[in-house]
Amino acid sequence: MQFGIFTVGDVTVDPTSGREPSEHERIKAMVTIARKAEEVGLDVFATGEHHNPPFVPSSPTTMLGWIAARTERLLLSTATTLITTNDPVKIAEDFAMLQHLADGRVDLMLGRGNTGPVYPWFGQDIRNGIPLAIENYDLLRRLWREDVVDWSGKFRTPLQSFTSTPRPLDGVPPFVWHGSIRSPEIAEQAAYYGDGYFANHIFWPKEHTQRMVGLYRERFAHYGHGSPDQAIVGLGGQVFMRRNSQDAVREFRPYFDNAPVYGHGPSLEEFTAQTPLTVGSPQQVIDRTLGFRDYVGDYQRQLFLLDHAGLPLKTVLEQLDILGEEVVPVLRREFDALRPAHVPEAPTHASLVAARAAESAAARAPESAAAGHAAAGHTAEPAAAGAGTETGR
């Protein structure tokens, strides 16, 4: 089980002090937060992608490359890479480059984003959101898996004898999560390819998340990738903690009330009752998070949102200390004890390289067996030899 944090990179006024950080301060703070995540023993840091105020992470691979140079173990990811408005050729090249620089500590989450105006800014039409996601990802997969690509589609110019560079590290592309809040088509896409599915799990009640993850698991099995409980699932989450739950509620309330996404809407009490947002003690966060398994099953990645709504850096670092020292060790132990042996762990570059090597060895096995059979003085029938060769493919 992987545990980590994700950031949306908002620049928001602190409602308790009236102070707004500069863009420079916010960007530097995100780097500090990532390094702190590694220090306290978390596995993953993920950044969103936005191209509009009040958000600053417009270039995720630039930030993640900088963080890669200053960390040793942390897995670097995105909380959204816009598959609809980014050119898949550029995604292929940027993330392969990052993969090399970070020695494989890279994966990414594809999504359509939640900002409608971004589409025309990049020459696209929001009404084509789902078709863009499908076509662009199909091309991205080919660019990473085929050395020379000839391709034509609806939304970009054709490619002729094109090779994306650099090639993926060790010939293995970064693992892909398909992130979604509400679109069953994206769950279907993740299942079709056998990729991971990440449910945002922040703004909706648990019944919605349960339906979306259930659909993905069902279709994952339908496409022959394994049993439903072997599908690769990630969840978002949102927490604020203090030793005393009343202190947590009192301190977080003004930030919640003025948050750029859900502020000036439902009350904090309504939101925590209807969504997975947990504001309280570390034990309350542990209990609530362990409960996610009851309605999505065993899953592989849990990311928490901590640094938003104007929370000062000092407070976010305190939250990370609590998360790393008191919450995640318990969650890691409990989730690992509950997970059956046949349910896979979260993919990493090392595990994907090992899986590819095992597949190659299995593919070579029939040819080796046939060669050994012939060396022993036996002659295979042509039909049998052909069948063995076909199986090896």
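The values are calculated or read from the model by the stated rules, or taken from the named source; none is laboratory data. These numbers were taken from a predicted model, which means no experiment stands behind them. For neighbour counting, all protein chains shown are included, and Cβ atoms are generated from backbone atoms with ideal geometry for every residue, glycine included. Side chains included, ligands, DNA and RNA excluded: accessible areas come from the protein's heavy atoms. Shrake-Rupley method; radii C 1.70, N 1.55, O 1.52, S 1.80 Å.
Annotations for the structure displayed:
- Of all the numbered requirements in (1) among the hydroxyl-bearing types (S, T, Y); (2) assigned to a loop (DSSP other than H, G, I, E, B); (3) touching a helix residue (DSSP H, G or I) at 6+ places or on another chain (Cβ under 6 Å), T61 misses one, and that requirement is (2).
- Checked against (1) open to solvent by less than 20 Å² (accessible area, probe 1.4 Å); (2) modelled with pLDDT of 95 or more; (3) more than 28 Å from R333 (Cα to Cα), P21 passes all but condition (1).
- If you go through the stretch 72-111 and keep only what is open to solvent by 10 Å² or more (accessible area, probe 1.4 Å), out of contact with any strand residue (DSSP E or B) (no Cβ under 6 Å at 6 or more places or on another chain) and not in a helix (DSSP H, G or I), you end up with E72, R73, T85, N86, D87, D103.
- Residues of the stretch 248-280 that are over 25 Å from H208 (Cα atoms) and open to solvent by less than 20 Å² (accessible area, probe 1.4 Å): A248, F252, Y255.
- Hits in the stretch 173-198 (condition: in a loop (DSSP other than H, G, I, E, B) and at pLDDT below 95): I181, R182, S183
- For beta carbons closer than 6 Å, sequence separation of 6+ or different chains, a first residue in the stretch 153-166 that is modelled with pLDDT of 95 or more and a second that is of a type in the set (V, I, T) and in a loop (DSSP other than H, G, I, E, B), the qualifying pairs are S161/V148; T163/V148.
- The single condition among (1) modelled with pLDDT of 95 or more; (2) over 22 Å from S227 (Cβ atoms) that Q302 does not satisfy is (2).
- Selection count where residues are modelled with pLDDT of 95 or more, open to solvent by less than 30 Å² (accessible area, probe 1.4 Å) and either hydrophobic (A, V, I, L, M, F, W, C) or farther than 24 Å from V285 by Cα (or both), scope the stretch 201-247: 13
- Residue list for the stretch 45-57, filter: within 23 Å of F304 (Cβ to Cβ) and assigned to a loop (DSSP other than H, G, I, E, B): G48, E49, H50, P54, V56, P57
- When the residues of the stretch 150-167 are filtered to those that are over 11 Å from V89 (Cα atoms) and in a strand (DSSP E or B), the one that is most open to solvent (accessible area, probe 1.4 Å) is Q160.
- The one condition from (1) touching a His at 6+ places or on another chain (Cβ under 8 Å); (2) open to solvent by less than 10 Å² (accessible area, probe 1.4 Å) that F3 does not meet is (1).
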